[in-house]
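These notes are about the structure you will find just below.
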Amino acid sequence: GRIDIRDADTGHIVRSLDAPGQDVTGFRFSPDGATLAATYRDGSIRLLDPTNGDERMLVAGNGTLATHPQFDPDGSLLAVAWPGIHRLALFDVATGTMLVDHGGFGAATAASWSPDGSRLAVASDDRPVASVIDVDSGDEVQQLVGHLGALADIAWSPDGRSIATAGDDGSARVFSAA
């Protein structure tokens, strides 16, 4: 697999970040743009320097697809989902240490950090309920119920007071964040 970084004006490739033999399944720039998180079909996670492709961190794969990497607002934490095994984990970006390892949220399709980084909202494509997780404790602190089918996306409002979800039932809903 390969991630191509392109010039926005010309579309020409500026840099390619290769992972031989690996299929890229998700990627995200850190808030400051200094790190690129990439997830792969084998379940691995790589933190890369987008300026030169140097690998800053590698979390070995568990054999199941990893996806949806999401940095917290200050870039110190990274959330990653393994939908096939219903797992979501939070990592310390500086050390690569797994801080929280969660199961039970279904096959995560999207995650969104609260603006203050204290909570993570998670949507799943195999259940109509989104979960809000307290990052410090790892506990589920709120369930967002109202869709008739699987969830496709989730996002916090900039002021942190609301969480929007989109579902396969063709609806979008806005919930009050507890």
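The values are calculated or read from the model by the stated rules, or taken from the named source; none is laboratory data. Every value quoted in this text rests on a predicted model; they were computed, and no experiment measured them. With ideal geometry, Cβ positions are generated from the backbone for all residues, glycine too; neighbour counts draw on all protein chains shown. Please note that ligands, DNA and RNA were not included when accessible areas were found on the heavy atoms of the full protein model with its side chains. Shrake-Rupley method; radii C 1.70, N 1.55, O 1.52, S 1.80 Å.
Below, the figures for the structure above:
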| item | result |
| --- | --- |
| Selected residue [among the acidic types (Asp, Glu), over 18 Å from residue 156 (Cβ atoms) and open to solvent by 20 Å² or more (accessible area, probe 1.4 Å)] from 74, 4 | 4 |
| Lone qualifier among 85, 45 - being touching a Ser or Thr at 6+ places or on another chain (Cβ under 6 Å), open to solvent by less than 20 Å² (accessible area, probe 1.4 Å) and in contact (Cβ under 8 Å) with a residue 12 or more places away in the chain | 45 |
| For residue 163: the one exception among (1) farther than 16 Å from residue 66 by Cβ; (2) in a loop (DSSP other than H, G, I, E, B); (3) open to solvent by less than 20 Å² (accessible area, probe 1.4 Å) | (2) |
| Odd one out for residue 64, checked against (1) of a type in the set (S, T, N, Q); (2) open to solvent by 10 Å² or more (accessible area, probe 1.4 Å); (3) at pLDDT 90 or above | (3) |
| Some residue of segment 93-107 being surrounded by 13 or more Cβ atoms within 10 Å (Cβ to Cβ), of a type in the set (A, V, I, L, M), within 27 Å of residue 134 (Cβ to Cβ) and touching a residue at least 60 places away in the same chain (Cβ under 8 Å) | yes |
